Amino acid sequence: MISSHYFEYHKQKTIQALRYHFIGRTEIKIMMILVNVFAVLSAGLFYWKKIAPSAFLLSSMLWFLMMLLFWFFLPRMIYKKSASFKDSFKVTMNEYQFILQHTKAEKSWDWSSFSSWMESPYFFHLYFSSTSFFLIPKDGFEEDDIVKARNYFRSHIQKK
């Protein structure tokens with residue numbers, strides 16, 4: 001069993017983890033590829049004078065707007081709206097379940113409750129579904145415990 005660890009969220013690292021979540025979603029990847037292809041195609045057509053400058057400007061603005069949305073606005077909005085990012089937690093993992101404790105409540109999940117997991121530089125992302133997930137900061141773990149946690153996730157949850 002991994003010993004219990006206390007953690008709290010740090011704003012910049014949490015926003016970065018939310019960016020990883022959004023950029024990692026399949027539909028967003030597909031949309032980004034399509035917008036990039038559209039932007040490159042319109043740049044080429046503009047260079048060969050096949051389209052008006054307004055079409056090239058529109059594709060560039062669309063690309064820029066999408067980057068602003070997924071990189072800056074959306075992660076910050078989610079961070080602001082979620083009260084849990086301002087709280088402190090205690091997490092305990094054992095062979096059978098994942099236990100999350102807060103000063104006001106405690107919740108445990110069997111490992112089968114999680115559909116997948118992902119690791120980013122500062123967090124473990126545990127997914128219940130494609131839109132519902134929980135972030136666990138690595139800051140709360142010793143280096144050996146990060147390896148143990150990773151092994152728990154590998155053995156009990158499908159990797160995203």
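The values are calculated or read from the model by the stated rules, or taken from the named source; none is laboratory data. On a predicted model such as this, the values are computed, not experimentally measured, just so you know. Positions of Cβ are backbone-derived with ideal geometry, glycine not excepted, and every protein chain shown enters the neighbour counts.
Where the second residue is surrounded by 10 or more Cβ atoms within 10 Å (Cβ to Cβ) and of a type in the set (Asp, Glu) and the first is over 13 Å from Phe7 (Cβ atoms) and lies in the range 92-112, which pairs have Cβ atoms under 6 Å and are six or more apart or on separate chains? The qualifying pairs are Gln97/Asp110. Looking across the range 1-31, the residues that are among the charged types (D, E, K, R) and under 21 Å from Phe64 (Cα atoms) come down to Arg19, Arg25, Glu27, Lys29. Selection of the range 1-47 for residues being outside any helix (DSSP H, G or I) and of a type in the set (Asp, Glu) yields only Glu8. Exactly one residue among Ser132, Ser116 is modelled with pLDDT of 90 or more, exposed (fewer than 13 other Cβ atoms within 10 Å of the Cβ) and among the small types (Gly, Ala, Ser), and that residue is Ser132.
Listed here are the residues, each with its yes/no results for (1) out of contact with any helix residue (DSSP H, G or I) (no Cβ under 7 Å at 6 or more places or on another chain); (2) under 17 Å from Arg154 (Cβ atoms).
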{"site": "Leu65", "(1), (2)": "yes, no"}
{"site": "Trp71", "(1), (2)": "no, no"}
{"site": "Met77", "(1), (2)": "yes, no"}
{"site": "Phe85", "(1), (2)": "no, no"}
{"site": "Asp110", "(1), (2)": "yes, yes"}
{"site": "Ser113", "(1), (2)": "yes, yes"}
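Whether any residue in the range 138-155 is under 23 Å from Met32 (Cβ atoms) and in contact (Cβ under 8 Å) with a residue 24 or more places away in the chain is what I want to check. Scanning the range 138-155, I find no residue that is under 23 Å from Met32 (Cβ atoms) and in contact (Cβ under 8 Å) with a residue 24 or more places away in the chain, so the answer is no. The condition of being polar (S, T, N, Q), within 30 Å of Ala43 (Cβ to Cβ) and without any contact (Cβ under 8 Å) to a residue 12 or more places away in the chain does not hold for Ser132. Taken over the range 32-83, the residue count meeting the criterion of being surrounded by 14 or more Cβ atoms within 10 Å (Cβ to Cβ), polar (S, T, N, Q) and closer than 24 Å to Leu18 by Cβ is 1. Taking the range 113-129 as the region of interest, how many residues are farther than 16 Å from Tyr6 by Cα, hydroxyl-bearing (Ser, Thr, Tyr) and touching a residue at least 60 places away in the same chain (Cβ under 8 Å)? Result for the range 113-129: 1.
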